[in-house]
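Chemist: Mind having a look at this structure? Questions to follow.
Every read-out reported here was derived from the displayed coordinates using simple, explicitly stated rules and does not represent laboratory data. Model, not experiment: these values are computed from the prediction. Methodologically, a virtual Cβ is constructed for each residue, glycine included, from the backbone with ideal geometry; neighbour enumeration extends over all protein chains shown.
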Amino acid sequence: MAHYNFSDIEAKWQKRWESDQLFKTEVDHTKEKFYLLEMFPYPSGKLHMGHVRNYSIGDVAARFKKMKGYNVLHPMGWDSFGLPAENAAIKNGIHPNIWTWENIAEMRSQLKLLGISYDWDREIATCHPDYYKWMQWIFIKFFENGLAYKKKNPVNWCSSCQTVLANEQVVDGSCERCGTGVGKKDLDQWYLKITDYADRLLGDLDKLDGWPDKVKLMQKNWIGKSIGAEVGFKFEGLDKTLNVFTTRPDTLFGATYMVMAPEHPDVRGLISGTPYEAAVDSFLSKLQSMSEIERSSTTLEKEGAFLGRYALNPITGKQIPVYIANYVLMDYGTGAIMAVPAHDQRDFDFAKKYNLEIIPVIKPLDSCIDINDLKEAFNSDGILINSGSFDGMSSSEAKTRIIAFLAESKSGQESINFRLRDWLISRQRYWGCPIPMIYCDECGWVPEKEENLPVLLPTDVVFTGKGESPLTTSKTFMHTPCPKCGKQGTRETDTMDTFLDSSWYFLRYVDPHNEKEFFSQEKAKYWMAVDQYIGGVEHAILHLLYSRFFTKVLYDLDLCPVDEPFKKLLTQGMVLKDGSKMSKSKGNVVSPEEIIERFGVDTARLFILFASPPEKELEWSDAGVEGSYRFLNRVYRIVSELNTQTIDVSGPILINNEDEKQLNFVLNTTLKKVTEDVGERFNFNTAISSIMELVNELYRYREVENLNLPLVKDVLKKLVLILSPFVPHISEELWHLTGHEGYLYNQSWPEYNADALVKDYIEIVVQVNGKVKEKLNVPSGLSRTEFEDLILSHDTVNALLIGKEILKVIPVPDKLLNIVIK
RNA sequence: GCCGAAGUGGCGGAACUGGCAGACGCACACGACUCAAAAUCGUGCGGUUAUCCAUGCGGGUUCGAGUCCCGCCUUCGGCACCA
């Protein structure tokens, strides 16, 4: 008998699928669409198991939806700008462009071995000018609408590499490339105004029913909305006000000192020429000598310096000393706080160190804490004390009343703050999308004209890994006429953060070859939003938040039909080996290529999908892979063996005896379970286990005399159909072997027959006081009383009850009966 | 420190609205086939066994709890001086 020759089978069908353009998709208004997307990869050159898992999960969903009758869009592309290409250029002298395209070619061929149902005609690469032209176009839209701006701000700076680093490139406070401690440097950088969208990005999380709560919560925390008040404290003897933000206006009477961030722009003016200047300066220089990480450590002792100035409490007029301190940040709120040591632990620590006054103004509801002798700050809500006319109010009431009071005297109002900062997108890098802006002495920053896009990356650059962006070394790039006035202008030489490229790629897929628009609105209307998005949880915040931000901006500009990009999100777990993430340094990497060569891609896919539910971590097991391989052999063997008997059989399926009924029952429970597990829950592991049970049942049934061949034929056909999303190659082979035409991808998903699920007799459980005592076969579908009477009349049940007093009987028809006795 | 998730056999994991804990697979053991091995097929497989004990630990609700509630422990993840 023919045996399962996976390598021939896989090569054969992959070739046919490709030449017949099986997975090519077009807009079709007669069908409901389904847009399924896996996060596109960075072309590092090698496919790893995480990729295989990600795309296998996606392929099951895509093939299933197609068979369910949807018009499925399932594209793939490359997130191909980024640092590794440039590092390779510095290290090996290969141009990033060559390095990247070679990697793409390599990875594409590996990816094709997986047999995923991608429409390769829609392939995109973010480093291709056809793509980044539209990236630049979008950037200009942001600029024209006031959402992109340039400002000078302290950024991460590696003094050894002489370059700016993204936050992600700072690992444990050091440069990821050279290990030098990272400092801060003031640089002129481009920002996107994501803070304008903070409230909507937060509020619309509620719309995202199909997202994991975990991811929504992470975004919520990242956006970090705080409701409170901005309060102005006048400086004593100066015509100047110190504005602070607080979430606890109810503690205003407990403010005993003020703190400004060391970088606060007003500090210099307050101390200049005063006797305090020298002491403050020595504190500031101490801070400057520290690295950013040392400074931002929560365990750092709180230290500061008195400015020799006083502010006045806007309600009481009380005189309050003003400090600077290392624990107040310039880039949150107003860069200054009112310190209430009785009710904030940080202020409490500082007050203890500098012997500052601690006045309790909130009393706990249960007064078990001695509020006058605090060992630590009491930071919960409570009842106001020591607060004049506000005494006795609850914290929440006092917040409202005190804000109202401040508003009346024009010294404060309600205020909301977000921890989300504007998005710094400038990178002093070569291998990224050029920022299409030109600086002109007359006109300032002017966007490049649309007809001149894309602003191409120059090729005559030097990669030293030091200094400014490599674009400054190009002789052809920098100088260009101002698009507005025509005088000599200078191009921006920084490139964009690559997270911008990936913030809209899902939109380009709907119309990837459009040369006139970044995509046709017509097509976007049909395809958007992405119905199911699948990727690693490591993108829970940045990529997914940025994509939501872009979609909302484009929606507001009437350039996108939806304001949320991804309806449903599945965050797949990592692939582990020996309990930890596969990595070269740990030497626990399992190469997909090797597994595919030894067992075939169907086995690899099956193992990955079977061993763990998609959102959980997956522990790699070589023995488990062999188990999956064994199962596919088992399937191949029984289908081809039984097929010799059923191939020419036709006629109606008649169920005659218990064996046949049982086989038909298992077939239909499996159809139901697989349909629900794949379609509703993404529980691929249990779907597969139920298919295994069907195969086991088929092996059992094979042993009976006089096989019901029309029934067997039906089982074989449906078995192959439901296997096909998981293991498409072997399924396609068996589909044709069993005499069927066409591709499985174009077949309809088999529906279960509800009648077959009804059993005449059901095994039920008899419990006494909640413990299982007996199992009985009884007719199904009885009423509660029929069920109860039948079981209580049973001899073996009565034997359990001899000499006992029955207190209560709880019948659950078709399941169990519990008898409570004394 | 704050927020969140998860703890079930030797292992990966099932158990959907509270209703037979351990589906399916791996590993292991035994049997059949074989001169033999591999492959394959079959049987067994939480601990004890008259019974009982078992879903991290301790309580609770319920006729009945892996599932719900309260309090701990452990592990993992996110944020981290955010006023």
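Chemist: Order of A:802, A:116, A:821 from fewest to most other C-beta atoms within 10 Å?
Modeler: Working: A:802 6, A:116 22, A:821 14.
In order of increasing Cβ crowding within 10 Å: A:802, A:821, A:116.
Chemist: Given labels modelled 7 Å from the Cα in the Cβ direction, how far is it in nm from residue A:178 to residue A:774?
Modeler: 8.4 nm
Chemist: So how strong a dipole does the stretch A:768-819 carry about its Cα centre when Lys and Arg Cβ are +1 and Asp and Glu Cβ are -1, to the nearest 20 debye? All intermediate terms of the calculation are to be shown ahead of the outcome.
Modeler: Working: 7 positive and 7 negative charges, 54 e Å.
Result for the stretch A:768-819 is approximately 260 debye, rounded to the nearest 20.
Chemist: If you don't mind, there's one more thing I want to ask. Which residues does the label zone of residue A:741 cover in the stretch A:1-39, counting backbone N under 19 Å from a point 7 Å along Cα→Cβ?
Modeler: Residues A:17, A:20-22 fall inside that zone.
Chemist: Also, quick follow-up: So for A:644, A:603, fewest C-beta neighbours within 10 Å to most, what's the order?
Modeler: Values: A:644 9, A:603 25.
Ranked by crowding around the Cβ, least crowded first: A:644, A:603.
Chemist: Rounded to the nearest whole Å³, what is the per residue volume of the convex hull around the Cα atoms of the stretch A:1-122?
Modeler: Values: hull volume 17.1 nm³, N = 122.
Roughly 140 Å³ of hull volume per residue.
Chemist: Right, here's the next one. Could you tell me which of the pairs A:220/A:672; A:487/A:552; A:318/A:375; A:151/A:286; A:91/A:214 are separated by over 32 angstrom between their Cα atoms in the structure shown?
Modeler: On the way: A:220/A:672 38 Å; A:487/A:552 36 Å; A:318/A:375 25 Å; A:151/A:286 27 Å; A:91/A:214 40 Å.
Pairs exceeding the cut-off: A:220/A:672; A:487/A:552; A:91/A:214.
Chemist: Which FRET efficiency value, to the nearest 0.05, do you get for residue A:391 and residue A:414 by plugging their Cβ-Cβ distance into 1/(1 + (r/R0)^6) with R0 = 25 Å? Please report the intermediate quantities before stating the final value.
Modeler: Numbers: r = 22 Å, r/R0 = 0.89.
Result of the calculation: an efficiency of 0.65.
Chemist: Using the structure shown, select from A:185/A:302; A:150/A:185; A:216/A:363; A:523/A:673 the pairs with a Cα to Cα distance greater than 25 angstrom.
Modeler: A:216/A:363; A:523/A:673
Chemist: Next question. Counting only residues 5 or more places away or on other chains, whose amide H sits under 5 Å from the amide H of residue A:318 once H atoms are built in the peptide plane?
Modeler: Amide H neighbours of residue A:318: A:313.
Chemist: Please compute, for the alpha-carbon atoms of the stretch A:424-487, the extent along each of the three principal axes and give them in descending order in Å.
Modeler: Per principal axis, max minus min of the Cα coordinates gives 35, 24, 19 Å.
Chemist: Let me ask you something else. For the stretch A:272-278, in order, what is each residue's ³J(HN,Hα) by Karplus, 6.51 cos²θ - 1.76 cosθ + 1.60 with θ = phi - 60°, in whole Hz (x at glycine and Pro)?
Modeler: 3, x, 9, x, 8, 4, 5
Chemist: What residues have an amide H closer than 5 Å to that of residue A:363, excluding those fewer than 5 places away on the same chain, when H is modeled at 1.01 Å from N in the peptide plane?
Modeler: Answer set, sorted by chain and number: A:383, A:384, A:385.
Chemist: Looking at the calculated P(r) for the stretch A:468-555, what percent of the C-alpha pair distances fall above 23 Å?
Modeler: Percentage above 23 Å: 48.
Chemist: Can you give the relative contact order of chain A as a percent, counting alpha carbon pairs under 8 Å and 6+ residues apart?
Modeler: Numbers: 1415 pairs, mean separation 113.8, N = 822.
Relative contact order of chain A: 14 percent.
Chemist: If I model a spin label as a point 7 Å beyond the Cα along the Cα-Cβ vector, how far apart are those points for residue A:379 and residue A:445 in nm?
Modeler: Distance between label points: 3.7 nm.
Chemist: At 0.36 nm per residue, and after removing the present C-alpha to C-alpha distance, how many nm does the segment from residue A:199 to residue A:597 gain when stretched out fully? Spell out each step's value before the answer.
Modeler: Working: separation 398, 0.36 × 398 = 143.28 nm, distance 5.10 nm.
This chain segment gains 138.2 nm when fully extended.
Chemist: Just from its helices, what would the mean residue ellipticity at 222 nm be for chain A, if runs of 4 or more DSSP H residues each count -39500 (n - 2.57) and the sum is divided by every residue, rounded to the nearest 500 deg cm²/dmol? Mind showing how you got there, number by number?
Modeler: On the way: 25 runs with 290 residues, N = 822.
Mean residue ellipticity at 222 nm (helix-derived): -11000 deg cm²/dmol.
Chemist: I need the P(r) histogram for chain A: all alpha carbon pairs, bin width 10 Å from 0 out to the longest distance, whole percents.
Modeler: Final binned percentages: 2, 10, 16, 17, 16, 14, 11, 8, 4, 1, 0.
Chemist: What distance in nm lies between label points placed 7 Å from Cα along the C-beta direction at residue A:647 and residue A:583?
Modeler: The two pseudo-label positions are separated by 5.4 nm.
Chemist: What is the Å³ per residue value for the convex hull set by the Cα atoms of the stretch A:712-800?
Modeler: Values: hull volume 13.9 nm³, N = 89.
Hull volume over Cα atoms, normalised by residue count, gives 157 Å³.
Chemist: Determine the shape class of the stretch A:38-189: with a ≥ b ≥ c the square roots of the Cα gyration tensor eigenvalues, call it rounded for a/c under 1.5, and otherwise prolate if a/b is greater than b/c, oblate otherwise. Don't skip to the end; give the middle numbers.
Modeler: Working: a/c = 2.23, a/b = 1.63, b/c = 1.37.
The shape class here is prolate.
Chemist: What ³J(HN,Hα) values, in whole Hz, does the Karplus curve 6.51 cos²θ - 1.76 cosθ + 1.60 give for the stretch A:339-344 when θ = phi - 60°, with x put for Gly and Pro?
Modeler: 9, 10, x, 5, 10, 8
Chemist: In debye, nearest 20: dipole of chain A around its Cα centre with unit charges on the Cβ of K, R (+) and D, E (-)?
Modeler: 860 debye
Chemist: Assuming R0 = 56 Å, can you tell me the calculated FRET efficiency for the pair residue A:656 and residue A:576, based on Cβ-Cβ distance, to the nearest 0.05? Please list the in-between numbers first.
Modeler: Numbers: r = 50 Å, r/R0 = 0.89.
So, using R0 = 56 Å, E works out to roughly 0.65.
Chemist: Under 19 Å between alpha carbons, and skipping anything fewer than 8 positions from residue A:804 in its own chain: which aspartates and glutamates qualify?
Modeler: Candidates past the 8-residue exclusion: A:774, A:788, A:789, A:795.
Chemist: Just the Cα atoms of the stretch A:665-717, one point each, no solvent: what log10 I(q)/I(0) does Debye give at q = 0.31 Å⁻¹?
Modeler: -1.19
Chemist: Also, quick follow-up: Among A:512, A:486, A:574, whose Cα lies farthest out toward the positive end of the dipole of the stretch A:484-578, if unit charges sit on the beta carbon of Lys, Arg (+1) and Asp, Glu (-1)?
Modeler: So the residue we want is A:486.
Chemist: Only sites in a loop by DSSP and with at most 16 other Cβ atoms within 10 Å count here; which GluC sites (Glu not before Pro) in the stretch A:553-633 make the cut?
Modeler: Details: sites: A:593, A:594, A:597, A:615, A:617, A:619, A:626; in loops: A:615, A:617.
Of the GluC sites (Glu not before Pro), the ones in loops of the stretch A:553-633 whose Cβ has at most 16 other Cβ atoms within 10 Å are A:615, A:617.
Chemist: Let's see if you can work this out: charge +1 on each Lys and Arg Cβ, -1 on each Asp and Glu Cβ, no other charges. What is the dipole magnitude of the stretch A:593-744 about its Cα centre, in debye to the nearest 20?
Modeler: Values: 15 positive and 25 negative charges, 66 e Å.
Here the stretch A:593-744 has a charge dipole of around 320 debye.
Chemist: A further question on this structure: Of A:375, A:616, how do they rank once you tally other Cβ atoms within 10 Å and put the fewest first?
Modeler: Details: A:375 8, A:616 12.
Fewest to most other Cβ atoms nearby, the residues stand as A:375, A:616.
Chemist: How much length would be gained if the chain were fully extended between residue A:699 and residue A:281, taking 0.36 nm per residue of separation minus their Cα-Cα distance, in nm to one decimal? Don't jump to the answer; show the numbers that get you there.
Modeler: Numbers: separation 418, 0.36 × 418 = 150.48 nm, distance 8.48 nm.
Once the chain is fully extended between residue A:699 and residue A:281, it gains 142.0 nm.
Chemist: Pairs of Cα atoms under 8 Å, at least six residues apart: use those to get the relative contact order of the stretch A:68-119, whole percent.
Modeler: Value for the stretch A:68-119: 45 percent.
Chemist: Oh, and also: Based on C-alpha coordinates, I'd like the Rg and Dmax of the stretch A:190-237, in Å.
Modeler: Just the Cα atoms of the stretch A:190-237 yield Rg and Dmax of 16.2, 58 Å.
Chemist: Below 14 Å, Cα to Cα, which aspartates and glutamates can residue A:240 reach? Residues fewer than 8 away in the same chain don't count.
Modeler: In chain and number order, the partners are A:266.
Chemist: Please list, in order along the stretch A:576-587, the HN-Hα scalar couplings obtained from phi with the Karplus expression 6.51 cos²θ - 1.76 cosθ + 1.60 (θ = phi - 60°), rounded to whole Hz, x for Gly and Pro.
Modeler: For the stretch A:576-587, the Karplus-derived couplings read 10, 9, 6, x, 9, 4, 5, 8, 4, 5, 8, x Hz, x marking Gly and Pro.
Chemist: Return a whole-number percent for the relative contact order of the stretch A:275-327, with Cα pairs under 8 Å and 6 or more residues apart as the contact set.
Modeler: Values: 53 pairs, mean separation 18.1, N = 53.
The value is 34 percent.
Chemist: For residue A:445, enumerate residues with amide H under 5 Å from its amide H, sequence gap 5+ or separate chain, H modeled in the peptide plane.
Modeler: Placed amide hydrogens put A:440 under 5 Å from residue A:445.
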